[in-house]
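Take a look at the structure below.
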Ligand code: QVW
Ligand code: ZN
């Protein structure tokens, strides 16, 4: 069920000029898996049965048959990038505190059959589609039956051993060939389970913060990198030249552990048809203040400082200048 390294290397992915090591591929029964997870280090877990019940069956024909008439959340984009944005942070009549922002993607509700038809008929130049829908009981019996057969014991043991919080959601992703989710981080632990097709995942640790230039927290693209990986503007983002990460290719049966606050860029292979993934998002373990602080905790602190300043200053434009006044000359000189 799990793919081998050779298979992965033959898939077609985009070229980026980034220093990357390989993420380790480790058998699910090897104790090294949990060693890595415990230390918030990524690992590609092979041969597990986490989503085996789905790997054997879930493909576009199956979804068309069992979910054809049900509405799903689909994103549309004019290019291959699907950069997430938070609608609650966009300026509008009902949200005068929001930020002026022109989205590059749009969200639609679409019947599964319509989505699949559009994907099958897609030709170069058309808008790309990416279905992203939270799995729930309304999905119908066929899906639910396979869902309950996921290896919940396996996921539960990882959760328990590492003191993670509750499972918050399982999102189903059906992607067209070549779609990209640009570099961002999430505030949750993620077991990212591949069902159909191949995805290349590039990860960066939280300490690469300065090299990846996240948007400010109030911005709709909060948690996303401002750097366009296709065409990095090194004059604006010079430290992106120094960024160091790791990568892997995941195929059916593989589960990638994406640690909380780790940056990730995810792309579907440019050949081989649509890809299908289900993620398992868990709350992190309750915060314990133990020194030295972990890198991701420092990112969390920075987020809180940004949020507090915004709250008292009331105007996003004042946050940067105040931080600069505080730091320049006093904390910037050796
Ligand atoms: C992908 C991801 C996913 C990446 C998409 C989230 C919108 C995550 O599961 O499969 O394209 O980033 O955290
Ligand atoms: Zn993510």
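FYI, it's all coordinate maths here, none of it is from the lab. Note that this is a predicted model, so its numbers are computed, not measured. Cβ sites come from the backbone with ideal geometry, for glycine too, and all protein chains shown count toward neighbours.
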Expected sort for 57, 149, 325 with the fewest Cβ neighbours (10 Å cutoff) up front is 325, 149, 57
CD proxy, 222 nm, the chain: helix-only mean residue ellipticity via -39,500 (n - 2.57) per DSSP H run with n ≥ 4, per residue, nearest 500, stands at -7500 deg cm²/dmol
Share antiparallel - DSSP beta bridges, the chain, percent rounded to 5 = 85
Cβ density ranking, 10 Å radius, fewest first, applied to 270, 112, 139 yields 270, 139, 112
For region 262-334, count the residues as N, evaluate 2.2 N^0.38 Å, and divide the Cα radius of gyration by that value, please.
-> 1.72
Roughly how many nanometres apart are two label points built 7 Å out from the Cα toward the Cβ at residue 6 and residue 30?
-> 1.9
Rounded to the nearest 0.05, FRET efficiency between residue 114 and residue 322 (Cβ-Cβ, R0 51 Å) equals 0.55
Mean separation of Cα pairs under 8 Å and 6+ residues apart, divided by the residue count of region 1-129: what relative contact order is that in percent?
-> 22
Relative contact order %, the chain, counting alpha carbon pairs below 8 Å whose residues are six or more apart = 26
Spatial separation of Cα centroids for region 70-102 and region 174-237, in angstrom = 17
Share antiparallel - DSSP beta bridges, region 107-258, percent rounded to 5 | 95
Output for region 4-85 (equivalent-ellipsoid semi-axes, sqrt of 5λ from the C-alpha gyration tensor, Å, descending) is 29, 22, 15
Tell me, 332, 275 in order of fewest to most beta-carbon neighbours within 10 Å?
-> 332, 275
Region 1-114: antiparallel DSSP beta bridges as a percent of all, rounded to 5 = 65
For the pair residue 210 and residue 107, the simple spin-label estimate (label points 7 Å beyond Cα toward Cβ) gives in nm 3.6
Which angle from 0 to 90°, rounded to the nearest 10, does the C-alpha axis of helix 112-121 make with the longest principal axis of the chain?
-> 90
